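To start, the structure itself, in structure tokens.
The values are calculated or read from the model by the stated rules, or taken from the named source; none is laboratory data. Quick caveat, the model's predicted, so the values are computed rather than measured. A quick note on method: Cβ atoms are made from the backbone with ideal geometry, for glycine too, and the neighbour counts reach across all protein chains shown.
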Amino acid sequence: MQYEVEVKSPIDDLTAFTALVEELGAEPLGIREEVDLYFSHPSRDFAATDEALRIRKVGPYVALTYKGPKIDPHSKTRREVELELAGDQPENTAVALLESLGFQVVREVRKERRLFRLPWEGFAVVLSIDIVQGLGVYTELETHVAEDQVETARDAILRLASTLHLPSCERRSYLELLLERERTEPA
């Protein structure tokens, strides 16, 4: 079983943060646009259970991803199950299948993601700088590990976050942040 160990934080000074990432020797992996389509469950409230179901599209790559509840109060560590989808317009087929089962589209989240690889304390960390439409700039530090490595990986990721002078760990997803912003901003 794979776990995604993740820390997310807002970035105030993108230039300074990028310079620090480069000083640490992070290897640039490129820039891509990600479009995530989130779904609600027909018989349980994912917001209450702290779960997520989404379809992610990155160019021709499309995947269906389930994210389980966060397992600690310091990071966004959680079980993650991802299934790559294939065929002609797989995102449309997946949406049709999920809607036929009673799932409903909640919201789309779009971001430009600059990716870096950064080996850190024995873990292959992927560092992303995300420009999220409607939210601003964030960074995510993540690695994927087996269950028996979760605590060690989380502690390593938290030390990396400290080294990068990240102000805080944002445990809410981009979806949650966008929905909250929409609820609190005047129409």
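Taking the criterion of being assigned to a helix (DSSP H, G or I) and in contact (Cβ under 8 Å) with a residue 12 or more places away in the chain, would at least one residue in region 107-126 satisfy it? No; the residues of region 107-126 include none that is assigned to a helix (DSSP H, G or I) and in contact (Cβ under 8 Å) with a residue 12 or more places away in the chain.
Pick from region 71-106 the residues that are under 24 Å from ILE31 (Cβ atoms) and touching a residue at least 60 places away in the same chain (Cβ under 8 Å): which of them is surrounded by the fewest Cβ atoms within 10 Å (Cβ to Cβ)? Once the filter is applied, the top-ranked residue is GLU80. Do you know which residues across region 72-105 are under 30 Å from GLU170 (Cα atoms), touching a helix residue (DSSP H, G or I) at 6+ places or on another chain (Cβ under 7 Å) and outside any strand (DSSP E or B)? The answer is ASP72, HIS74, SER75, THR77. Of all residues in region 157-184, those that are modelled with pLDDT of 95 or more have Cβ atoms under 6 Å from Cβ atoms of residues that are β-branched (Val, Ile, Thr), 6 or more apart or on another chain, in ILE157/VAL5; ILE157/VAL7; ALA161/VAL7; TYR174/VAL109; TYR174/VAL132; LEU175/VAL109. Candidates are the residues of region 12-70 that are in a helix (DSSP H, G or I) and touching a residue at least 12 places away in the same chain (Cβ under 8 Å); the one that is nearest to VAL95 (Cα to Cα) is ALA47.
Inside region 1-18, residues that are touching a Lys or Arg at 6+ places or on another chain (Cβ under 9 Å) and at pLDDT 95 or above make up a count of 7.
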